[in-house]
Amino acid sequence: MVIFLNKINLNVSAMKKTLLILFLSVNTISFANESYERLNNSDIILSKNGKALEVIFDTKNSSPVFKLTKLGEMLDMDFDYNTNEKAVIVNFKDYSPGPYILTVDDEYKSEDVLIYVEEANIRVIDRRVFKKPVYQFKDNKFKIKVYENTTLVDVVIESLHGDVLHNKKYTSVELDKTVFLLSEEVGKCVVNLNYKSKDFTKAIDLL
């Protein structure tokens, strides 16, 4: 399937708007005085005092980015952490009680660790790994590959001004068979994907 993106300029009520038409065709802090015990998930270690968390990650050819969010507020927080070659260590001893999500984000995957902070300790509630979409480019065309075979993918393509060019749900198999073709008049767009309740955004510039 090929999706062709083109644009036509129209004046509506003295305001200039862009209309895009799609044609579808087939084709360390290191806590020196802390001791750690390994949880059932061998990649997460909790300190014995219950307030520090170490998450071991795969850093092959990438430098992970770390983010902490408190649920209910959904705002990225400034937080104190330290990393070594294989792990990030976060001390939650000064955090208010409640649920938090620690996100470890690298080039190929994004990982969320759901943590509940209590007065005396913290509990790891859940851990989810999301494979990131892979983009393939050729000339003014691109494909999107999603390696999550059991989920629907919401695909929203927007202009740089926020106009929605395309909005459709795909299975990963359907998406793998779809080619997005940008006309020279469009050239640039922003692709927003959502699957498994996770958002992924990619700016595309094929000019």
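Ordered by residue, what ³J(HN,Hα) values in Hz, to whole numbers, does the stretch 124-137 give under the Karplus form 6.51 cos²θ - 1.76 cosθ + 1.60, where θ = phi - 60° and Gly and Pro are x?
8, 8, 7, 9, 10, 10, 10, 6, 7, x, 10, 9, 10, 10
Tell me, what does the Kirkwood hydrodynamic radius of the stretch 81-207 come to in angstroms if you use every pair of distinct C-alpha atoms?
17.0 Å
At 1.4 Å probe radius, can you tell me the per residue accessible area of the stretch 87-180 in Å²?
Accessible area per residue, the stretch 87-180: 51 Å².
Pairs Lys51/Lys145; Lys51/Lys198; Lys70/Lys169; Lys86/Lys141; Lys141/Lys198: which exceed 32 Å Cα-Cα?
Lys51/Lys145; Lys86/Lys141
The values are calculated or read from the model by the stated rules, or taken from the named source; none is laboratory data. This one's a predicted model, so the numbers in the text were calculated from it and none came from an experiment. Only protein heavy atoms, including side chains, enter the accessible area calculation; ligands, DNA and RNA are left aside. Shrake-Rupley method; radii C 1.70, N 1.55, O 1.52, S 1.80 Å.
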